[in-house]
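S.K.: Structure incoming, see below.
The values are calculated or read from the model by the stated rules, or taken from the named source; none is laboratory data. Just so we're clear, the structure is a prediction, and the values are computed from it rather than from any experiment. Every residue, glycine as well, gets a Cβ built from its backbone with ideal geometry; the counts of neighbours run over all protein chains shown.
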Ligand code: SF4
């Protein structure tokens with residue numbers, strides 16, 4: 001069940017590389033966990049840590065205060081690759097609440113929305129503009145479907161309508177699905193008696 | 001006349017429990033849910049926290065593959081798990097399956113295998129089904145004309161609890177590969193050529209149907225390899241219409257319908273109608289496809305073996321070429337290769353091992369190069385050993401292991417060391433995929449075997465042709 005998401009105001013942090021795959025977001029050797037918790041340390045692990053476990057001082061994610069940078073501005077085709085839901089779990093635990101890119105992989109989008117991490121797709125022009133002003137706070141208003149920053153014109157974005165409603169209201173998707181049980185049972189009867 | 005439908009439309013329509021609207025996604029029924037140890041523990045916890053049971057254990061089937069060791073138990077009887085956490089994860093799945101009555105192809109089962117090798121082999125996967133698994137290479141099962149796609153762990157919980165998923169219908173793309181493939185060109189080479197053509201992400205939002213003479217001529221294993229890598233173009237699923245090849249391959253398998261002839265009559269109706277409209281069409285000349293290998297760190301960075309590394313078009317290209325230690329304009333065939341891996345749900349099936357053994361028979365793996373051969377399932381292992389393929393690999397100097405994902409995902413203790421260059425039959429060449437700072441070239445089993453002999457990336461036709469002339 002995801003936490004409700006309505007309005008978020010935060011600075012952004014930019015990882016401009018294209019095709020950041022979920023193996024980068026959380027390497028496979030951290031997938032032997034049986035819970036969702038505590039994966040923030042594994043987020044972008046190999047970008048952030050040396051072989052001996054010491055922090056790489058040059059890594060941007062080690063230089064920022066995650067509490068102040070809740071929005072990840074990422075290069076094209078973000079979170080492609082493996083379907084691991086550990087990717088949004090790790091990003092959330094690190095501190096991110098939203099990801100903005102010009103293209104975001106399908107399975108990740110679905111996984112992120114189910115966990116309260118908002119994936120937003122914008123045009124290249126908007127992306128470039130956001131990237132050019134990293135310290136300017138950005139407001140993501142999910143109710144209004146808008147990104148606002150400074151004096152600039154607000155930018156509209158689209159989120160799949162049901163997922164959006166679930167985020168706004170904190171709706172429990174599994175509960176919603178279960179409410180369809182009579183139809184599911186009827187479907188099964190119709191097929192399994194033929 | 002009803003509107004002509006695509007194969008995808010037909011399978012989708014047959015599984016809609018509740019139609020999608022502008023406000024709500026559709027409810028899609030799932031025929032087969034495959035489960036493994038890595039993406040399921042939190043899903044079982046989710047449903048248990050609500051006091052729910054697995055609703056259709058008869059439509060659920062589990063295996064152990066990702067974090068399992070590929071070396072046998074030691075003399076003390078202990079399995080060489082990479083960490084206590086990996087072992088705990090396996091035990092968690094064993095407990096969850098026992099508690100919920102889910103069949104598990106566990107350590108003692110003759111059926112155990114990498115999830116996408118095992119499902120088809122047991123006849124669990126059938127044409128026209130919806131198949132899901134918490135794994136992006138679930139598209140493999142589309143080779144049988146099933147709609148098969150990867151899901152996240154929350155969705156695994158949804159299917160466990162309801163046998164359904166909330167879904168919006170994807171767009172349809174048809175990739176037609178015409179002509180006849182050259183000798184030495186396999187399903188893997190077709191997959192790498194298709195991904196190079198569409199681009200990494202070019203299939204995002206689509207289900208791909210593969211068609212054309214070159215696809216029809218592939219055996220089921222080649223079709224599975226092709227569908228398997230659909231996700232590497234961004235597509236969630238890949239499908240191929242069932243035909244006589246499909247029916248012959250599935251006949252006699254453990255879980256196929258009792259009245260097989262009646263089932264096959266239905267299956268053969270599963271093809272795109274003439275005139276069916278696709279949102280996107282891509283044509284590829286199959287006769288022009290050469291043995292392929294990747295030069296970068298995304299699966300679309302593939303080119304015929306021996307061609308020069310292209311000039312970078314972007315910062316990402318520059319970074320990828322630097323990571324790989326290559327130079328733009330130079331071929332990748334001169335760099336010494338440290339590791340060759342044959343296995344995975346992409347290329348760990350019997351014909352993959354046969355062609356690799358054909359190349360290796362009577363030859364030796366280059367001294368200093370490590371070659372690991374990991375069968376995709378216990379059945380593949382049995383068949384390969386019955387044919388003596390294991391002896392060919394061992395005689396050549398390769399390691400012959402027990403089934404698992406192994407170096408494809410490198411989470412079980414099998415990995416490529418930092419800086420080493422690997423030629424791998426798996427599906428992802430991402431930075432660090434096969435181990436921290438490991439460098440991966442993706443290629444076919446024949447290419448991998450030829451590379452193991454030569455010590456550098458090598459076009460397999462050099463060796464395959466020799467075999468033909470003896
Ligand atoms: S072999 Fe690789 S791609 Fe296939 S299921 Fe295992 S980890 Fe996933």
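S.K.: Could you check how many residues of segment B:439-454 are in contact with a strand residue (DSSP E or B) (Cβ under 6 Å, 6 or more places away or on another chain) and either assigned to a loop (DSSP other than H, G, I, E, B) or free of Cβ contacts under 8 Å to residues at least 12 places away in the same chain (or both)?
M.R.: 1
S.K.: Let me ask something else about it. Could you say which residue among B:451, B:425, B:458 is within 24 Å of the chain's Cα centre (by Cα), at negative phi, surrounded by 24 or more Cβ atoms within 10 Å (Cβ to Cβ) and within 15 Å of the ligand (Cβ to nearest atom)?
M.R.: The unique qualifying residue is B:425.
S.K.: Could you count how many residues in segment B:37-76 are farther than 21 Å from residue B:111 by Cα, more than 11 Å from every other protein chain (Cβ to nearest Cβ) and either surrounded by fewer than 17 Cβ atoms within 10 Å (Cβ to Cβ) or out of contact with any helix residue (DSSP H, G or I) (no Cβ under 7 Å at 6 or more places or on another chain) (or both)?
M.R.: Here the count works out to 6.
S.K.: Can you find a residue in segment B:145-164 that is away from chain A (no Cβ under 13 Å), surrounded by fewer than 20 Cβ atoms within 10 Å (Cβ to Cβ) and more than 16 Å from the ligand (Cβ to nearest atom)?
M.R.: No, every residue in segment B:145-164 fails to be away from chain A (no Cβ under 13 Å), surrounded by fewer than 20 Cβ atoms within 10 Å (Cβ to Cβ) and more than 16 Å from the ligand (Cβ to nearest atom).
S.K.: Oh, and also: Could you please tell me which pairs satisfy a Cβ distance under 7 Å, a separation of 6+ or placement on different chains, a first residue in segment A:137-157 that is on the phi > 0 side of the Ramachandran plot, and a second residue that is at pLDDT 95 or above and exposed (fewer than 15 other Cβ atoms within 10 Å of the Cβ)?
M.R.: Here the result reads A:145/A:156, each pair linking segment A:137-157 to a residue that is at pLDDT 95 or above and exposed (fewer than 15 other Cβ atoms within 10 Å of the Cβ).
S.K.: Specify which of the listed residues (B:380, B:374, B:392) is more than 11 Å from chain A (Cβ to nearest Cβ), within 13 Å of the ligand (Cβ to nearest atom), surrounded by 20 or more Cβ atoms within 10 Å (Cβ to Cβ) and over 26 Å from residue B:85 (Cα atoms).
M.R.: Being more than 11 Å from chain A (Cβ to nearest Cβ), within 13 Å of the ligand (Cβ to nearest atom), surrounded by 20 or more Cβ atoms within 10 Å (Cβ to Cβ) and over 26 Å from residue B:85 (Cα atoms) holds for just one of B:380, B:374, B:392, which is B:380.
S.K.: Residues to consider are B:234, B:296, B:286, B:205; find the one that is buried (at least 20 other Cβ atoms within 10 Å of the Cβ), in contact (Cβ under 8 Å) with a residue 12 or more places away in the chain and on the phi > 0 side of the Ramachandran plot.
M.R.: Sole residue among the options that is buried (at least 20 other Cβ atoms within 10 Å of the Cβ), in contact (Cβ under 8 Å) with a residue 12 or more places away in the chain and on the phi > 0 side of the Ramachandran plot: B:234.
S.K.: For segment B:1-91, which fully contained strands (runs of 3 or more DSSP E) count at least 2 residues that are in contact (Cβ under 8 Å) with a residue 40 or more places away in the chain and under 26 Å from the mean Cα position of the chain (by Cα)?
M.R.: B:26-29, B:32-35, B:60-63
S.K.: When you go through A:14, A:9, A:22, A:34 one by one, which is the residue that is touching a helix residue (DSSP H, G or I) at 6+ places or on another chain (Cβ under 6 Å) and more than 11 Å from chain B (Cβ to nearest Cβ)?
M.R.: It is A:14.
S.K.: Identify, from the list B:328, B:356, the residue that is modelled with pLDDT of 95 or more, more than 16 Å from the ligand (Cβ to nearest atom) and outside any loop (DSSP other than H, G, I, E, B).
M.R.: B:356
S.K.: Considering each residue of segment B:237-259, count those that are farther than 22 Å from residue A:82 by Cβ and surrounded by 24 or more Cβ atoms within 10 Å (Cβ to Cβ), and give that number.
M.R.: Within segment B:237-259, residues that are farther than 22 Å from residue A:82 by Cβ and surrounded by 24 or more Cβ atoms within 10 Å (Cβ to Cβ) number 3.
S.K.: Is there a residue in segment B:395-410 that is assigned to a loop (DSSP other than H, G, I, E, B), free of Cβ contacts under 8 Å to residues at least 60 places away in the same chain and within 16 Å of the ligand (Cβ to nearest atom)?
M.R.: Yes, there is a match, as at least one residue in segment B:395-410 is assigned to a loop (DSSP other than H, G, I, E, B), free of Cβ contacts under 8 Å to residues at least 60 places away in the same chain and within 16 Å of the ligand (Cβ to nearest atom).
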